[in-house]
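Okay, structure first, notes after.
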Amino acid sequence: MKTRLPRKRKVHLRIRVNGETHEVAFAPHKTLLEVLREDMGLTGTKHGCELGECGTCTVLIDGEPQLSCLVLGLECEGMDIITVEGLADGPQPHPLQQSFAELGAAQCGYCTPGILLASKALLDEDPNPPRDRIREALSGNLCRCTGYIKIYEAVELAARRLKDPKAEPSREILRGYEV
Ligand code: FES
Ligand code: FES
């Protein structure tokens, strides 16, 4: 006679994501990345290495950038989580999203959600970060397409647009786009 293994029980948790509280049931071993993607349908957060090395799974937890592949969903009860789906203000993209799109700071886009969230955390803390600070804040987010310069320029433009929504890319940047 076969012995039946006990079915893994699911845990039920209240998680606050992008300003809304959700009741979610998931297997207790799941990471926050898995809970977001598989149990909540929020597939904007990407999974890459799942080892804490690439940064593509970055989300904000209580305002701090965290690698969601290294956090258990169970640990997130009562915490405030922001994913890339929560960046826009209704139909209005966040200045970071707008600047990344406009300056071509995303190519395949796989790294982009994580970079947007890490950049948001930086700009929330320092509205006028020098290039070195941007480089340091994004040092844990790998990108295999853009070469980073456009990403840094997009973060700088977004910082200006958060103060003045009409701010435009500088002439030097636009010159770099001429063919
Ligand atoms: S998937 Fe989390 S750091 Fe790579
Ligand atoms: S845009 Fe392709 S990895 Fe960054």
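Number of residues in the range 75-134 that are more than 13 Å from ligand 2 (Cβ to nearest atom) and without any contact (Cβ under 8 Å) to a residue 24 or more places away in the chain: the value is 13.
What residue, among those in the range 160-179 that are in a helix (DSSP H, G or I) and modelled with pLDDT of 80 or more, is surrounded by the fewest Cβ atoms within 10 Å (Cβ to Cβ)? Residue satisfying both the conditions and the ranking: K163. Filtered by the rule that a residue be over 14 Å from L32 (Cα atoms) and outside any helix (DSSP H, G or I), the range 74-102 gives L87, A88, D89, G90, P91, Q92, P93, H94.
Of the residues in the range 30-43, not one is surrounded by fewer than 18 Cβ atoms within 10 Å (Cβ to Cβ) and touching a residue at least 60 places away in the same chain (Cβ under 8 Å).
Taken over the range 73-119, the residue count meeting the criterion of being within 16 Å of ligand 1 (Cβ to nearest atom) and over 17 Å from L60 (Cα atoms) is 3.
Residues A105, A154: which one is surrounded by 23 or more Cβ atoms within 10 Å (Cβ to Cβ) and part of a loop (DSSP other than H, G, I, E, B)? A105 is the lone residue from the list that is surrounded by 23 or more Cβ atoms within 10 Å (Cβ to Cβ) and part of a loop (DSSP other than H, G, I, E, B).
Restricting the range 124-138 to residues that are surrounded by fewer than 14 Cβ atoms within 10 Å (Cβ to Cβ) and more than 17 Å from N18 (Cβ to Cβ), the residue that is nearest to ligand 1 (Cβ to nearest atom) is E136.
Is it the case that the range 112-123 has a residue that's more than 14 Å from the chain's Cα centre (by Cα), part of a helix (DSSP H, G or I) and surrounded by 15 or more Cβ atoms within 10 Å (Cβ to Cβ)? For the range 112-123, residues more than 14 Å from the chain's Cα centre (by Cα), part of a helix (DSSP H, G or I) and surrounded by 15 or more Cβ atoms within 10 Å (Cβ to Cβ): absent. Determine whether the range 17-31 contains at least one residue that is among the polar types (S, T, N, Q) and part of a strand (DSSP E or B). Scanning the range 17-31 turns up at least one residue that is among the polar types (S, T, N, Q) and part of a strand (DSSP E or B). Scanning the range 54-64 for residues that are away from ligand 2 (no atom under 15 Å from the Cβ) and either in contact (Cβ under 8 Å) with a residue 60 or more places away in the chain or under 13 Å from V24 (Cβ atoms) (or both) yields L60, G63. For the structure I just gave you, tell me whether E34 is modelled with pLDDT of 95 or more, over 30 Å from R161 (Cβ atoms), within 16 Å of ligand 1 (Cβ to nearest atom) and not in a loop (DSSP other than H, G, I, E, B). So E34 fits the description; yes. Considered as a group, the residues in the range 44-53 that are under 12 Å from P113 (Cβ atoms) and within 14 Å of ligand 2 (Cβ to nearest atom) include one that is surrounded by the most Cβ atoms within 10 Å (Cβ to Cβ), and that residue is K46.
The values are calculated or read from the model by the stated rules, or taken from the named source; none is laboratory data. Just so we're clear, the structure is a prediction, and the values are computed from it rather than from any experiment. Methodologically, a virtual Cβ is constructed for each residue, glycine included, from the backbone with ideal geometry; neighbour enumeration extends over all protein chains shown.
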